[in-house]
Structure formats: C-alpha cells, structure tokens
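First comes the structure, then the notes that go with it.
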Amino acid sequence: MESAFVHVACQGQSLTISPELLGSIKVKRDMEVVRKILRAVQDKGDLTPRQMTFDGVDDLTAGRHLELLMDAGYVDGLASKTVNSPVPIVFVKDLTWEGHEFAGALLADESTWQ
C-alpha cells in the first residue's frame, strides 16, 4: 500500500507533504542551479550512473533541472519515475557531447557567476 504523504528533503530538513500538493509545485529554471549541476557532473570521476546531490539545491529542484538537462540532450543518465514524485530520480552517468560544449560555454567565465 502506498503512503498518503511524500517525504521530501529540502535544505537539510525533511518535509512531509501530500502528493496532490507535491504535484502542483512548479520549479522555475535557475541557471545558477544548471551551472552547479554541470560543474559537478564534469568533476564526476567515473561513468558509473548514480544519484547526485548539489550544495544548496533541494532534491526537487535538482531532479527537475536534471530532467530538463536530460531532455535537452546535455546529460547522459537514467531517469526512474515514481508515482509519489513529480520529478524522476536521475542516475547521472556523464555529460553528452552537447553537454560538454554547453558547459564549456556556460562555465568559461566564472566572473559572470560571482
């Protein structure tokens, strides 16, 4: 039997909310989050698909941004959708060729992001 509530990790806290409320949450695209994800995936030391966490980014925001990056063809990985979450769990393998090109352009000038 499935739980009537969903547990969500958010900035070091665990929240419990209903699936209905969770499904109505919209995540705004944030290029700072995209930058953090691309940097972390670039720095990943191997090609083993795994879940990743990103400093200062909650699980829902990270999951949605990873989903967008996969849909855009920038991240190579496996997405596992669950009934209780509006975003998939993403197991990141690496950046694609296009992802490396995009990351190179986006991360080339760090002063832009400071």
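In terms of Cα atoms, the Rg and Dmax of region 39-78 work out to 10.1, 24 Å.
For region 26-113, the spread of Cα positions along the three principal axes, ordered from largest to smallest, is 40, 27, 22 Å.
Rule-based calculations on the coordinates, nothing more; no lab input. All values reported here derive from a predicted model rather than from experimental measurement.
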